[in-house]
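What follows is a short report on a single structure.
Every number here is computed from the coordinates shown, using simple stated rules; none is lab data. Every value quoted in this text rests on a predicted model; they were computed, and no experiment measured them. Because the Cβ atoms are built from the backbone with ideal geometry, glycine has one as well, and the counts that use them run over all protein chains shown.
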Amino acid sequence: MTSFVLKIVAMVTMFCDHFGDAYIGHFSAFNLIGRIAFPIFAFQISEGFIHTKNLKKYFFRLGLFALISQIPFALFYYKFFNTTEIPLNIFFTLFLGLLAIYLYNFTIQQFAQRTKKLKFPIDKIVGLIFVFLLSYIAEILNTDYGYLGVALVFAFYVLKQKKAIMTIVFILLCIIKYGNQLLQTNFHFAYVLLTVFTALPIILIDMYNGKQGPKIKYFLYAFYPVHLLLLYFFL
């Protein structure tokens, strides 16, 4: 399965999620399908870090579309969630996830020689501190998916060569996301379904063949704010 196919799946399922919010309510079959989208986007960010030819431009694009998308996201959220407590859109979460990967790698490079002398993985420990810090910042800033989003991006990157472990960690993170609701509702069927559908995209991610396919980079970025505006004005 190519990156192109994964991106199409992510866009379609994301649209289903937001269409469900706008047309039906906040828990429907559309929202369950929508759980598939974010993990794929998180995985694509980890792949983007590996394959990008210009990391600065990559950061710039994510940051720019985070700012561009916030007004459409706020309009959509206010209208269909009926609240003034608007989180930051998903691009902010993905930006922090990318930054977590960058700082982790930067730390390893800086401590490379010292780590060899000390025979202690101080580089990875310090790098993980940055990851935890950025996950905490995501929660403080109230970004969409919060700490889980940053953790997913990082996990996909650091466990890329260990698919079995990556799959287990991903499923555990999905369980953690809905852990409180599962326990408080005595494993209500609705939250079990949410957990299962959030975990489903790991099947598609594990099928990824490392090939890009047709490029739709800017279409993918633009699709997010545009489809939110269309739903806001027409539903």
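The dipole here belongs to the chain: it is taken about the Cα centre, uses +1 on the Cβ of Lys and Arg and -1 on the Cβ of Asp and Glu, and is about 1140 debye. With neighbours defined as other Cβ atoms within 10 Å of a residue's Cβ, the residues 71, 205 order from fewest to most as 71, 205. Mean-square fluctuation check for the chain, GNM, Cα pairs under 10 Å: which of 181, 110, 70 is largest? Between 181, 110, 70, it is 110 that shows the largest mean-square fluctuation. Given the choices (i) 134; (ii) 190; (iii) 147, volume of the Cα convex hull per residue in Å³ derived from the coordinates of this structure is entry (i). In a simple Cβ point-charge model (Lys, Arg +1; Asp, Glu -1; nothing else charged), region 135-235 has a dipole of about 440 debye relative to its Cα centre. For region 3-234, the residue among 146, 73, 54 whose Cα projects farthest onto the positive side of the dipole built from Cβ charges is 54. The residue among 229, 165, 192 whose Cα reaches farthest toward the positive pole of the charge dipole of the chain, with charges on the beta-carbon of Lys, Arg, Asp and Glu, is 165.
Near the amide H of residue 143, within less than 5 Å, lie the amide hydrogens of 88, all on another chain or at least 5 residues away, with H placed in the peptide plane.
Neighbour counts of other C-beta atoms within 10 Å: give me 153, 5 arranged from fewest to most.
Ordered by Cβ neighbours within 10 Å, fewest first: 5, 153.
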